[in-house]
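The structure appears right after this line, and notes come after that.
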Amino acid sequence: MSTRDMCYRIVRETDRPNIGLVLDTFHFYAGGSGLEEIEAVDKDKIFIITGR
């Protein structure tokens with residue numbers, strides 16, 4: 001099971017509107033993950049962190 005799979009399972013089981021995934025694109029790419037892994041996640045559960 002990949003780390004993304006494990007994290008997404010926790011997000012689904014927690015089932016709260018303020019819990020989601022923030023993808024680290026560098027490590028996602030460096031770890032050999034593919035776009036199909038992102039496509040498997042509910043788009044409403046992909047969160048974005050922005051700085052000031």
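Does Ala30 satisfy the condition of being modelled with pLDDT of 85 or more and out of contact with any His (no Cβ under 9 Å at 6 or more places or on another chain)? Don't jump to the end; show me each part of the working.
Working: modelled with pLDDT of 85 or more: no; out of contact with any His (no Cβ under 9 Å at 6 or more places or on another chain): yes.
So Ala30 fails the test.
In segment 22-52, what residues are more than 9 Å from the chain's Cα centre (by Cα) and in a helix (DSSP H, G or I)? Matches in segment 22-52: Thr25, Phe26, His27, Phe28, Tyr29, Ala30, Leu35, Glu36, Glu39, Lys43, Asp44. Checking each residue in segment 3-21 for being part of a loop (DSSP other than H, G, I, E, B) and loosely packed, with under 12 Cβ neighbours inside 10 Å picks out Asp15, Arg16, Pro17, Asn18.
The values are calculated or read from the model by the stated rules, or taken from the named source; none is laboratory data. As the structure is a prediction and not an experimental result, all values here were calculated from the model. Positions of Cβ are generated from backbone atoms using ideal geometry, with glycine treated the same way; all protein chains shown enter the neighbour counts.
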